Ligand code: GLY
């Protein structure tokens, strides 16, 4: 009830501003609180809905309007528990803790998986956040097992972690830009265990990706496949983007986030520079829409009559907020101002669900895999996770200043 009123106030503010032509910006703190409040209400409703469905996680909405769930093995299993941990960190209620623990426990079997590169997403978003907040030693043990499983996918000739095992007739050793998102898991586990191997894998994967995934304008390929004998790239392709040479929006966001993390974790100037150049490519892109929520691919010929990907905006906003603290001055201020605009857009009725709707997801209008005609203009669990992470980062910053 309280939230619906807040929602109406926000809409009224926007409508009033438009009709009077005045720029009346809602205070950022109100935007942040509204976003966190909607995310909390939606996540608790979602947690209750799936409470009795042992081992299941929210994924998206199916074309028939029903909720699509997944098991622990889907690459997104860690996002819902991770989001619950962030929301518990924001408001430490017993209910949020109970659900954060319950859904985190459901991810545990993933620790033994060696047929996926996504263990960083699955285990670090869930157990990593849980461990950061509770220091539960069992969570750390589960992550150590998972880090060893993921390390089996590293090849020291290629100097990178293998992403996919399918399409072997075309790709000898495919590495996707998304794989940059597994590196934080390794750098943190290296610090936690003292095992230098994890840090070295992360560093060499980031270096290899920097050399072969990026074009001169700092846009990135989605898939680079390497020759397993020489370690040299033999194909630069896309899988989820418009074309091999296009800039698939979420891929650009994964790359940005990955190099921001590597800059923070290693302190290496080349990763700071890489993060900065990717951010500039994105922030200055002529086809970035006015509300700063990208179309699903920057090179889609159907722009502006095509789909947005709100998940790309959420990932990008979260990364830019962190980058604004790593590189200060005018560039940092530009990053922060850009991320703030993205958060304002995502927190508007254009993208933020009315509580009780959207099958209890928080963010609307994401695109998973358009060329595969899968998950188009739907909510996605990772959009909600990175939106909440960005809100928490922004809240920390605004309360600190
Ligand atoms: N990592 C898969 C995706 O971004 O769709």
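The values are calculated or read from the model by the stated rules, or taken from the named source; none is laboratory data. Bear in mind the structure is a predicted one, so any value in this text is a computation, not a measurement. Note that each Cβ is placed from the backbone with ideal geometry, even for glycine, and that neighbours are counted across all protein chains shown.
For the reader, a short list of remarks on this structure follows.
- Check on residue 356, touching a residue at least 60 places away in the same chain (Cβ under 8 Å), under 20 Å from residue 50 (Cβ atoms) and part of a loop (DSSP other than H, G, I, E, B): yes
- Whenever a residue of region 79-103 is farther than 15 Å from residue 386 by Cα, its partners that are at pLDDT 95 or above and outside any helix (DSSP H, G or I), lying with C-beta atoms within less than 9 angstrom and at least six residues away or across chains, give the pairs 99/51; 101/136; 102/51; 103/50; 103/57; 103/77.
- Every listed requirement among (1) closer than 20 Å to residue 164 by Cβ; (2) without any contact (Cβ under 8 Å) to a residue 12 or more places away in the chain is met by residue 202 save one, (2).
- Here residue 295 fits the description: within 16 Å of the ligand (Cβ to nearest atom) and either in contact (Cβ under 8 Å) with a residue 60 or more places away in the chain or surrounded by fewer than 24 Cβ atoms within 10 Å (Cβ to Cβ) (or both).
- Selection status of residue 130, buried (at least 24 other Cβ atoms within 10 Å of the Cβ) and more than 16 Å from the ligand (Cβ to nearest atom): yes
- Just so you know, in region 137-171 the residues that are without any contact (Cβ under 8 Å) to a residue 60 or more places away in the chain, under 20 Å from residue 237 (Cβ atoms) and away from the ligand (no atom under 16 Å from the Cβ) include one that is surrounded by the most Cβ atoms within 10 Å (Cβ to Cβ), and it is 168.
- Filtered residues of region 226-266 (kept if surrounded by 22 or more Cβ atoms within 10 Å (Cβ to Cβ) and more than 16 Å from the ligand (Cβ to nearest atom)): 226, 259, 260, 262, 263
- Number of positions in region 107-127 that are outside any helix (DSSP H, G or I), surrounded by 21 or more Cβ atoms within 10 Å (Cβ to Cβ) and away from the ligand (no atom under 16 Å from the Cβ): 1
- Note on region 354-377: residues that are within 16 Å of the ligand (Cβ to nearest atom) and surrounded by fewer than 24 Cβ atoms within 10 Å (Cβ to Cβ) total 11.
- Some residue of region 37-53 being within 21 Å of the chain's Cα centre (by Cα) and free of Cβ contacts under 8 Å to residues at least 40 places away in the same chain: yes
- Checking residue 174 against (1) touching a helix residue (DSSP H, G or I) at 6+ places or on another chain (Cβ under 8 Å); (2) crowded, with 21+ Cβ neighbours inside 10 Å, the condition it does not meet: (1)
- Top-ranked residue in region 301-327 [being in a loop (DSSP other than H, G, I, E, B) and within 16 Å of the ligand (Cβ to nearest atom); ranked as farthest from residue 248 (Cα to Cα)]: 307
- Single match in 265, 273, 245 (criterion: assigned to a helix (DSSP H, G or I) and out of contact with any helix residue (DSSP H, G or I) (no Cβ under 6 Å at 6 or more places or on another chain)): 273
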